[in-house]
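For reference, the structure discussed in these notes is given below.
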Amino acid sequence: MGNKASFPVVPTSQDRIVMVTGANCGIGYEIAKWTAMMGATVILACRSEEKARAAIEKMEKEFTEEKARGTSKLTERARLAIEFMKVDLGSFKSVDHFCEEYKKSGRPLHVLVCNAGIASIPFMKNEDGLEMILQVNYLSHFLITAKLLPTMKRSGVDCRIIFVSSTAEKLASFDKESINYTGSARNYPVHSCYNRSKLYQVMQMFAMSRRLTGTNITVNSLHPGIVETEIWRYSNSWMTRCLLFFARCFCVTRTPINGATCAIDLAVNPEHTGVSGHFWKDCKMTSTSRLSRNEEKQEALWNASFNFVNEYLTMEEINCMEGENRNI
Ligand SMILES: NC(=O)c1ccc[n+]([C@@H]2O[C@H](COP(=O)([O-])OP(=O)(O)OC[C@H]3O[C@@H](n4cnc5c(N)ncnc54)[C@H](OP(=O)(O)O)[C@@H]3O)[C@@H](O)[C@H]2O)c1
């Protein structure tokens, strides 16, 4: 329910590589499965090998069922080209290692879907000393985009970066001096941390899109809807319980495939070639908060984000993010 949008099934070469973070379940699972069923090589960037391997098995089974149903334009290969790569977004070291391994492989990267995310979790600080939602949802994806951007710039025409964000960004506030929550566990404002992480993704999308104008890479962001996934697993707060209760009562919650539709459309639809710097909902462009569109604040966030991850970046990667070396 709650989504009449759809995506085209676009036959895709196995040479086209799509990377999806958090692809073992929920929205990311569907994005990975459908882009693989269209023929692309898909990297499942997940923290648990066990879960990713189980997901790959399930995708193969569902691929066989989809073919038996007669769905047209799926890849004619017998098996999907899906691979697992380990990355824990709660650790910059792990993200750095993951990106370095990918770069070492010498392969191109055409589509990067920054999907993995966490929401109503208990307060957690990670090994980098940062609040977990900030790092998993935003900063680690910032680092991945920075480290893999040179690879994408060398990957030929029509490369795409997609941030799975949320309209929850509209509820967020911004203060460049307190990007990371440093208060006590007792007063942990979990919802506000989540909303901010989603705001930061939208602001990054705008700031990156400006710098990528005229290159082979587009960058967009989206809201998937209220989707019945495991993201709600730790949701004990009355606010989340109320939201879910009313969403279910009014039948506006979505299945993972309905939640993934907009992201799949942005990843594969030839109509979106060259379209950049937009926020999408139900496969249509839509507006974002005034705050997210404030360029001065986007630039402040951009600079603050580098301060968190600088030690993991080379000069080439920083210059590439800054829009220098436009055509490497
Ligand atoms: N569901 C919704 O209603 C909704 C609404 C708006 C936006 N979104 C956004 O949609 C995206 C996908 O969420 P979903 O609903 O599909 O949630 P989900 O089913 O819980 O999937 C989240 C994925 O992120 C992965 N992940 C979490 N922490 C990670 C870490 N430290 N390192 C690597 N991967 C990690 C999870 O892996 P594990 O299985 O190992 O935990 C899982 O694969 C998120 O960015 C979320 O903010 C969702």
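The values are calculated or read from the model by the stated rules, or taken from the named source; none is laboratory data. Bear in mind that the values here come from a model prediction, so they are computed numbers and not experimental data. Please note: Cβ atoms are built from the backbone with ideal geometry, for glycine as well, and neighbour counts cover all protein chains shown.
If you go through region 196-238 and keep only what is of a type in the set (S, T, N, Q) and either within 10 Å of the ligand (Cβ to nearest atom) or at pLDDT below 95 (or both), you end up with SER197, GLN201, THR229, SER235, ASN236, SER237. Taking region 301-316 as the range and being among the small types (Gly, Ala, Ser) and surrounded by fewer than 18 Cβ atoms within 10 Å (Cβ to Cβ) as the test, only ALA304 passes. When the residues of region 14-39 are filtered to those that are among the small types (Gly, Ala, Ser) and near the ligand (Cβ under 6 Å from one of its atoms), the one that is surrounded by the fewest Cβ atoms within 10 Å (Cβ to Cβ) is GLY26. Kindly evaluate HIS223 against the criterion of being more than 17 Å from ALA116 (Cβ to Cβ) and in contact with a helix residue (DSSP H, G or I) (Cβ under 9 Å, 6 or more places away or on another chain). Considered against the rule, which asks whether it is more than 17 Å from ALA116 (Cβ to Cβ) and in contact with a helix residue (DSSP H, G or I) (Cβ under 9 Å, 6 or more places away or on another chain), HIS223 comes out as no. The helices (runs of 4 or more DSSP H) found entirely in region 262-328 that carry 2 or more residues being over 24 Å from PRO224 (Cα atoms) are 295-309, 315-321. Here the condition is being aliphatic (A, V, I, L, M) and touching a residue at least 60 places away in the same chain (Cβ under 8 Å); of ALA247, ALA263, it holds for ALA263 alone. Taking TRP280, is it more than 29 Å from ASN24 (Cβ to Cβ), in contact (Cβ under 8 Å) with a residue 40 or more places away in the chain and of a type outside the set (S, T, N, Q)? No: the conditions fail for TRP280.
Between ALA81, ALA116, ALA146, the distinction of being crowded, with 22+ Cβ neighbours inside 10 Å, under 22 Å from ALA40 (Cα atoms), at pLDDT 95 or above and small (Gly, Ala, Ser) belongs to ALA116 only. Looking at this structure, is PRO122 surrounded by fewer than 19 Cβ atoms within 10 Å (Cβ to Cβ) and either part of a strand (DSSP E or B) or touching a strand residue (DSSP E or B) at 6+ places or on another chain (Cβ under 9 Å) (or both)? No: the conditions fail for PRO122.
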